[in-house]
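Following: one structure in structure tokens, then a few remarks.
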Amino acid sequence: MKVVTGVVGNDIHVVANRLIDLSLQARGYEVFNLGVNTYLEEFFDAVIETGAEVLLISSLNGEAEGWGREVPRLKAKYKKLDDVIMMIGGNLVVGTGNAEDIIPRYKGYGFDIVCHQVDLNTGLDSLEEMLIERNLK
Amino acid sequence: MKVVTGVVGNDIHVVANRLIDLSLQARGYEVFNLGVNTYLEEFFDAVIETGAEVLLISSLNGEAEGWGREVPRLKAKYKKLDDVIMMIGGNLVVGTGNAEDIIPRYKGYGFDIVCHQVDLNTGLDSLEEMLIERNLK
Amino acid sequence: MSLLQEEREIILNNEYVDTFDFAEVKEFITNASKDLFISHHFKKKAADKMLVQPRGGFPTYEKQYALYEFFVDANVDVLPLTIDSNTRLNDYGTAKKMLRLSEENDIDMLNGYPLVNHGYRTTRKMITHFNKPVSLRHGTPDARLLIETALASGIFEIEGGPITYLLPYSKNFPLDKAFLYWKYVERVCANYSDLNEPINRESFGPLTATLVPPSITIVIQLLEMLLSLEEGVKSFSVSFAQQGSMNQDIVTGAVLKKLAKHYAEEINCGDAMINLVYHQWMGAFPMNKDYAEQLINLATVIARMVSADKIITKTREEASGIPTKEANAKTVANTQYTLGILNGLPNVVDEEEEEILTLEVMAIMEAVFNDPADTLWRKVFNSIKNGIIDVPFSPHIINHNNMITIRDAKKNIRIIKRGNVPIPDRCYAYEKGQCDLTKDTTSIVNDIIHDIGIMQ
Amino acid sequence: MSLLQEEREIILNNEYVDTFDFAEVKEFITNASKDLFISHHFKKKAADKMLVQPRGGFPTYEKQYALYEFFVDANVDVLPLTIDSNTRLNDYGTAKKMLRLSEENDIDMLNGYPLVNHGYRTTRKMITHFNKPVSLRHGTPDARLLIETALASGIFEIEGGPITYLLPYSKNFPLDKAFLYWKYVERVCANYSDLNEPINRESFGPLTATLVPPSITIVIQLLEMLLSLEEGVKSFSVSFAQQGSMNQDIVTGAVLKKLAKHYAEEINCGDAMINLVYHQWMGAFPMNKDYAEQLINLATVIARMVSADKIITKTREEASGIPTKEANAKTVANTQYTLGILNGLPNVVDEEEEEILTLEVMAIMEAVFNDPADTLWRKVFNSIKNGIIDVPFSPHIINHNNMITIRDAKKNIRIIKRGNVPIPDRCYAYEKGQCDLTKDTTSIVNDIIHDIGIMQ
């Protein structure tokens, strides 16, 4: 199972990124880590190039809100992305916000799994569940 | 030259007392140190008993004010104390007070040298000066 | 009826004490929660977790209770019960009057908790409610009634001793009487120790907190320990306070621990548990509260370097009077935080300094043991009286005051005049060798003033 | 005209720079007060007095001036000049705009002092007025123009280096270019060093401040030192940050000092002065400001145990954004107080840990030197590219990220996966031997999260 991951935008939070990488590897995924400071286009390009089944974007500085709105438009440009599981996690808003508002909004942007301030392992557990649900694992 | 010294009243400030003792010895005096927590009567008794030329009372906790008023009355009871140099030093009032008010008051109680918040060596220097003045040294 | 029990009944038959029910107290201690016994915590604590104990005592039950609530929130390990100064002088009448005034006017008219007046029935409710070990801090030469009341209340650590609670505080209280009064305390503690976990006795190492050299501190710690163990006490804490030099503190802790074990074994009391307690700086504090916090934090770091089992804390308000409960609780929280982040402590051994200090202590101890008196307490009494033990800056008339100490360049306390204390020549030469002795006495007095105010 | 001088004229011919008067600047540095040179203070300072340097930079001249006034009142030894992030990215246009907005609106629109925009003629007035050594803190891969401006202003300590200012901060800036830009900086510093006291260069040891093992920190310090000395710099400070274990910090300081001397002599630069700088904890700070102060104080104590020549301080407001000048000055005053009361430090040597760390560093250094490239900077570049040097948690694309580190029970940072870094087998076995490796990776990831947040 291939996963493309990275931190979106002008976000240099490398610690979370490295830990996601390690944790995915520990769970047996083949990881393509684009690192911090990655643009949305680069994520989609990497998914196409590697044939990954999962795209896991993280955002820690709260700027994902701005990028999120562009996801549907960008995704539409690429073919063959409909079956890819799209996941986003981290701090998804600037300042404080509650999960009840945030999750539907990000689902609207096209994400299948939305983890706002969720513990890393809990987040990766929901990924496993979805993979089983979709008979991918 | 004999000096009787000690801390008057319910005052347990032993550090100053010990340092006065050491400094007097260093300057060549023969010291009779009554220690802390000494009553006025004990000072006068010791002066009589030792034939001391100097009585150096210290008070650190500010309570000397109360004892000071009794000095003239007590001193009058003893004979042969008129030539004794009477010196007092330390913190001579409770709270703050200025030397201009304090010194005349204590001189009125019968003290020849009054050192309010004066450095130890400066105080002992004034004692030397008075001894020279009175041709005792 | 034993002589001790006869004496106990006389002591406890006091107009300020409700009927003392010996059987009920025995029953209470036998069944008391193990959490109340600090000796139990010392036994089970992880090797690295130092117990944290603040200071504090208020006159009324309500205020003391509120203080404990604050402490528990701040994650305290040991609760203090500091006694007021009237009780220390056995003046229960004045304490009673002042307690009533404090209760009626909501102003504190006492500088601590008048335990005898509150009585054990009342106090026990508070102690058992919080279910944490409580340490009794007083300063009383004749603490017989106080300690009976404390033990009956559920307070199972008793600080003090005949020397350490007398020489720093009193000018005239007879030292021989103090030994006898404390012998009573040791016996009562020992008797109760068979019922449940042992009662812990703790000596008060800081003494005058003014340039006391480590050799004198250690000798007095060891002697109070021996006087306690020989009466049957099974858990004893030796203690000392921050001295001003990190290295000297580490050396002092090492030698104190080593020799405590050695002398306990010499009197066949090797089975007793010996703990090490470190007091944060007991000398003059800086008025600047930020600086006071730096000093407190430094003391915590040194306590860990010393491998203390317990630390007794100060507050940022030390220089400005009796600290508020908030300041007190804040120190506890800060100290616990520091202990949590203080990791990877190096193992420090200074062989030369340890050897010198060990030789000094053993020489003084030998001189004490060689006194011709028939009992240990009389040997100790005679040794203080003839200056074999000399505590710098003690106000007590019996103390010789012939030893002079100053700090060397590294701020170690050094003996430059030994008086009658049998410091071996080699050690004496070493101590003096660390100091500049070419100065005249006036300069030395100025140095001493500076050395006392080193933290300000 | 030399090639360097040609390059300098190109660099200084910039629309944001007033005419740069080379002759006047040379004259200024030649006659500058020795007090401005930190190298002069390092030379004359008493063996025990650590220099204290806070952090801080504000956009406007007035605010920076006010900050310095506060610092001087708090008894600072070294003034900081922290540069804004636009200048770090050589975006002088944005810096200019934001500076004007800050001046006009009295709101800070920059997170530091835009030195290039202020220019050397203005800035020099402030520096010479306070007449204290100033240290330039930036984080700029291409700092050529910035450093020319700094030196002309009277700032005679320059922090940074091609590796330490790039790998922690940038994802894509080309590392080879950074080496060449810093070579220019070294040469300019070296040239000016002949005129008066030497200009001091300082490397930035904290790197990512996230579980970087001491071997990697030391190797990078040594390499940046060698790259600087070989260009003629005569005064260099190696540095590292508090790691979480007191003993590991002491060992790191000892090995770093020893090997800096060793490698400097190897390239015949034994005459250069090498200084040791300690950074108070650079990782995540506790939000609780009281706890932050405990952490800061502990760092000061450890800096003295490490025998650092200079300490760079944090503030109680670290976790909550850019600290106020009051908080900054308070830390300086507190740190100076602590240094004053911190006496009698023990001499700590951990031979086993020192040996292991020395072997690791020398093995990595040897691998770097064995790279077939013709110059040292190319050897270093290649070694980073092929993972012989691997910095945990660097965001840079060139960094391998194959080394994994965790903390052992004493909170020492240990290498449990060495990646391509040539840690000798014996050392690798020792490092792993300190850790519990039976855990699964998920537990280890949780441990890493915990280990990173150790001070919170």
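The values are calculated or read from the model by the stated rules, or taken from the named source; none is laboratory data. Because the structure is predicted, anything quoted here is derived from the model rather than measured. Here the Cβ positions follow ideal geometry from the backbone for every residue, glycine too, while neighbour counts run over all protein chains shown. We work out accessible area using only protein heavy atoms, side chains counted, and drop any ligands, DNA or RNA first. Shrake-Rupley method; radii C 1.70, N 1.55, O 1.52, S 1.80 Å.
For region D:385-399, the set of residues classified as open to solvent by 20 Å² or more (accessible area, probe 1.4 Å) and more than 30 Å from D:Ile267 (Cα to Cα) consists of D:Ile397 only. You will find that of D:Asp451, D:Asp350, the residue that is in contact with a Leu (Cβ under 8 Å, 6 or more places away or on another chain) and within 14 Å of chain C (Cβ to nearest Cβ) is D:Asp451 and no other. The number of residues in region D:322-358 that are outside any helix (DSSP H, G or I) and under 30 Å from D:Gly112 (Cβ atoms) comes to 3. If you go through region C:366-379 and keep only what is of a type in the set (D, E, K, R) and either under 15 Å from C:Ile216 (Cβ atoms) or open to solvent by 30 Å² or more (accessible area, probe 1.4 Å) (or both), you end up with C:Glu366, C:Asp374, C:Arg378, C:Lys379.
For region C:232-267, the set of residues classified as over 19 Å from the mean Cα position of the chain (by Cα), open to solvent by 10 Å² or more (accessible area, probe 1.4 Å) and either modelled with pLDDT under 95 or hydrophobic (A, V, I, L, M, F, W, C) (or both) consists of C:Ile267 only.
Suppose the filter is free of Cβ contacts under 8 Å to residues at least 12 places away in the same chain and either under 23 Å from C:Thr335 (Cβ atoms) or away from chain B (no Cβ under 14 Å) (or both); does C:Lys125 pass it? So C:Lys125 passes the test. Quick check, is D:Asn347 modelled with pLDDT under 95, surrounded by fewer than 17 Cβ atoms within 10 Å (Cβ to Cβ) and in contact with a helix residue (DSSP H, G or I) (Cβ under 9 Å, 6 or more places away or on another chain)? For D:Asn347, the condition - modelled with pLDDT under 95, surrounded by fewer than 17 Cβ atoms within 10 Å (Cβ to Cβ) and in contact with a helix residue (DSSP H, G or I) (Cβ under 9 Å, 6 or more places away or on another chain) - is met. Restricting attention to region D:433-456, the residues being under 24 Å from A:Ile20 (Cβ atoms) and over 29 Å from the mean Cα position of the chain (by Cα) number 11. Mind counting the residues in region C:412-456 that are under 27 Å from C:Asn386 (Cα atoms), assigned to a loop (DSSP other than H, G, I, E, B), of a type outside the set (A, V, I, L, M) and open to solvent by 30 Å² or more (accessible area, probe 1.4 Å)? Residues in region C:412-456 being under 27 Å from C:Asn386 (Cα atoms), assigned to a loop (DSSP other than H, G, I, E, B), of a type outside the set (A, V, I, L, M) and open to solvent by 30 Å² or more (accessible area, probe 1.4 Å): 5 in total.
Scanning region C:312-321 for residues that are within 13 Å of chain D (Cβ to nearest Cβ) and either open to solvent by 20 Å² or more (accessible area, probe 1.4 Å) or assigned to a helix (DSSP H, G or I) (or both) turns up just one, C:Arg316.
Any chance you could count how many residues in region D:159-180 are buried (at least 21 other Cβ atoms within 10 Å of the Cβ), more than 20 Å from D:Leu81 (Cα to Cα) and either away from every other protein chain (no Cβ under 13 Å) or among the aromatic types (Phe, Trp, Tyr) (or both)? Final tally of qualifying residues: 4. In this entry, C:Ala299 is excluded by the filter for residues that are farther than 18 Å from C:Leu51 by Cβ, assigned to a helix (DSSP H, G or I) and within 12 Å of chain D (Cβ to nearest Cβ).
Whether a residue is among the polar types (S, T, N, Q), open to solvent by 20 Å² or more (accessible area, probe 1.4 Å) and closer than 30 Å to B:Thr38 by Cβ was assessed, and C:Asn382 passes this test.
With respect to D:Lys325, determine if the residue is open to solvent by less than 10 Å² (accessible area, probe 1.4 Å), of a type outside the set (A, V, I, L, M) and away from chain C (no Cβ under 14 Å). Write out each step before concluding.
Working: open to solvent by less than 10 Å² (accessible area, probe 1.4 Å): no; of a type outside the set (A, V, I, L, M): yes; away from chain C (no Cβ under 14 Å): yes.
Criteria not met by D:Lys325.
The number of residues in region C:247-267 being away from every other protein chain (no Cβ under 14 Å) and either in contact (Cβ under 8 Å) with a residue 40 or more places away in the chain or within 30 Å of C:Gln294 (Cα to Cα) (or both) comes to 7. For the criterion of being farther than 16 Å from A:Ala16 by Cβ, assigned to a loop (DSSP other than H, G, I, E, B), within 12 Å of chain A (Cβ to nearest Cβ) and open to solvent by 40 Å² or more (accessible area, probe 1.4 Å), D:Asn402 passes.
Table: residues versus (1) farther than 19 Å from C:Val380 by Cβ; (2) free of Cβ contacts under 8 Å to residues at least 40 places away in the same chain.
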{"residue": "C:Val185", "(1), (2)": "no, no"}
{"residue": "C:Asp194", "(1), (2)": "yes, yes"}
{"residue": "C:Gly205", "(1), (2)": "no, no"}
{"residue": "C:Thr208", "(1), (2)": "no, no"}
{"residue": "C:Leu226", "(1), (2)": "no, no"}
{"residue": "C:Ser239", "(1), (2)": "no, no"}
{"residue": "C:Ser245", "(1), (2)": "yes, no"}
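Beta carbons closer than 6 Å, at least 6 apart along the sequence or on distinct chains, pair a first residue in region C:18-37 that is under 16 Å from C:Asn191 (Cα atoms) and open to solvent by less than 70 Å² (accessible area, probe 1.4 Å) with a second that is assigned to a helix (DSSP H, G or I) and not hydroxyl-bearing (Ser, Thr, Tyr) for C:Val25/C:Ala152.
The residue pairs whose first member lies in region C:67-79 and is on the phi > 0 side of the Ramachandran plot, whose second member is part of a helix (DSSP H, G or I), and whose beta carbons are closer than 6 Å, counting only pairs six or more residues apart or on different chains, are C:Asn75/C:Gln336.
Being open to solvent by less than 10 Å² (accessible area, probe 1.4 Å) and part of a loop (DSSP other than H, G, I, E, B) is true for just one of A:Val47, A:Val36. Which residue is that? Explain how you work it out, then say what you get.
Numbers: A:Val47 fails: part of a loop (DSSP other than H, G, I, E, B).
Only one candidate passes the filter, namely A:Val36.
If you scan region C:181-192, which residues turn out to be open to solvent by less than 20 Å² (accessible area, probe 1.4 Å) and over 20 Å from the mean Cα position of the chain (by Cα)?
Selection gives C:Tyr192 alone.
Counting the residues of region B:6-33 that are assigned to a loop (DSSP other than H, G, I, E, B) and either of a type in the set (Lys, Arg) or buried (at least 22 other Cβ atoms within 10 Å of the Cβ) (or both) gives 2.
To keep it simple, each residue is scored yes or no on (1) within 11 Å of chain C (Cβ to nearest Cβ); (2) among the charged types (D, E, K, R); (3) open to solvent by 30 Å² or more (accessible area, probe 1.4 Å).
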residue: D:Cys269; (1), (2), (3): no, no, no
residue: D:Met287; (1), (2), (3): no, no, yes
residue: D:Leu295; (1), (2), (3): yes, no, no
residue: D:Lys310; (1), (2), (3): no, yes, no
residue: D:Lys330; (1), (2), (3): yes, yes, yes
